[in-house]
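A.B. asks: Starting off with a structure, shown below.
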Amino acid sequence: MRICSGVFAGGGGNFGIVTNFEFRLHPVGPEITAGLVVFPFDQAKSVLYQYPALAASQSDDTMVWVVLRHAPPLPFLPAESHGQKVVVMAFFSIASPEETERQLNAVRALGQPLGEHVGPMPYTAWQQAFDPLLTPGVRNYWKSHFFASLDEGVLDVFLDFSSRLPSSHCEIFIGQLGGQASRIPSGATAYSHRDAQFGMNVHGRWETAAEDTHCVAWCRDLFKATAPYSTGGVYVNFLSQDDVDRIPAAYRPEVWTRLVELKNKWDPQNLFRMNQNIQPKVVKERAEEATLV
């Protein structure tokens, strides 16, 4: 099966085996400007309250994401800040040197940084920048939401929960979206949440089974507390095993209907089900009947 753009983009694993995947790359780099600007946690409220305006002021060539967590032992941070709660601004730019410096100065002006490490690097290096935080062998539980905007109510929730991180590995990750992705019609592809301007990932990570209950509860409570501010949507790849009931939320209702119709036509027995599954009508009905029995 050859799967290209269109309705399959974002839902293709439900419809067949990909044997040929064609895509058009957007030229980036190969060298870009990126890195981290880190603020102490006692400035978190001021920094977060300024962040939505900062994000709105940027062109498509610049992006800043936010990570609320304990500071890793990064060499550009003071030793006494290692292990302390911090606000990390992850900066990325492919703009001109002059515009990049202007945007970087705007990030610095959010407060008084503890330290920063920003400079030219290959785009591929930036893609791997956060990999060291994904420590092999730790236990994980993630939850996610989309937001059309970030008002003070949801920012206060982030501040509350980040003030009581349950382990040194846990973090709240706020990703800036928008740009060209928001200019594509919502029904053009399976990924249809084009109004989402920010995505939140609750990265629950810890080391021992004894921490399971506490850390999972923190993730779920944060997810629940931020739900009233969300769009109700979610990125399909951020759904976990206990999010089966949220799979339709990864798509607009009209797109979900189209995907189910395609599933009914091309895979009515649900052969392709090892995924965030779009169940065909006959399989869904059988599952409901089994539940009733």
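A.B. asks: So G232 fits all but one of (1) loosely packed, with under 13 Cβ neighbours inside 10 Å; (2) part of a helix (DSSP H, G or I); what number is the exception?
C.D. replies: Exception for G232: condition (2).
A.B. asks: Sticking with this one: Would a scan of segment 109-121 turn up a residue that is out of contact with any Pro (no Cβ under 6 Å at 6 or more places or on another chain), in a strand (DSSP E or B) and either within 26 Å of T208 (Cα to Cα) or of a type in the set (A, V, I, L, M, F, W, C) (or both)?
C.D. replies: yes
A.B. asks: Has segment 184-195 got any residue that is of a type in the set (S, T, N, Q), surrounded by 15 or more Cβ atoms within 10 Å (Cβ to Cβ), more than 24 Å from V87 (Cβ to Cβ) and more than 17 Å from the chain's Cα centre (by Cα)?
C.D. replies: Within segment 184-195, one or more residues are of a type in the set (S, T, N, Q), surrounded by 15 or more Cβ atoms within 10 Å (Cβ to Cβ), more than 24 Å from V87 (Cβ to Cβ) and more than 17 Å from the chain's Cα centre (by Cα).
A.B. asks: Anything in segment 235-279 that is in a loop (DSSP other than H, G, I, E, B), farther than 23 Å from S186 by Cα and within 21 Å of the chain's Cα centre (by Cα)? List them, or say none.
C.D. replies: Within segment 235-279, S240 is the sole residue that qualifies.
A.B. asks: Working carefully through the options A34, A53, find the one that is of a type in the set (A, V, I, L, M, F, W, C), at pLDDT 85 or above, surrounded by fewer than 20 Cβ atoms within 10 Å (Cβ to Cβ) and under 21 Å from the mean Cα position of the chain (by Cα).
C.D. replies: Residue meeting the stated conditions: A53.
A.B. asks: Output the number of residues of segment 142-152 satisfying the condition of being more than 14 Å from the chain's Cα centre (by Cα) and not small (G, A, S).
C.D. replies: 3
A.B. asks: Would you mention how many residues in segment 46-63 are of a type in the set (S, T, N, Q) and without any contact (Cβ under 8 Å) to a residue 24 or more places away in the chain?
C.D. replies: Total meeting the criteria: 0.
A.B. asks: Only residues that are within 14 Å of the chain's Cα centre (by Cα) and not in a loop (DSSP other than H, G, I, E, B): list them for segment 196-212, please.
C.D. replies: Within segment 196-212, F198, G199, M200, N201, V202, H203, G204 meet the criteria.
A.B. asks: Which condition from (1) over 25 Å from S93 (Cα atoms); (2) among the small types (G, A, S); (3) assigned to a helix (DSSP H, G or I) is the one that S192 breaks?
C.D. replies: Status for S192: all satisfied but (3).
A.B. asks: Quick check on Q269: is it closer than 26 Å to S168 by Cα and surrounded by fewer than 16 Cβ atoms within 10 Å (Cβ to Cβ)?
C.D. replies: It is false that Q269 is closer than 26 Å to S168 by Cα and surrounded by fewer than 16 Cβ atoms within 10 Å (Cβ to Cβ).
The values are calculated or read from the model by the stated rules, or taken from the named source; none is laboratory data. This is a predicted model, so every value here is computed, not measured. Cβ: placed from backbone, ideal geometry, glycine included. Neighbour counts: every protein chain shown.
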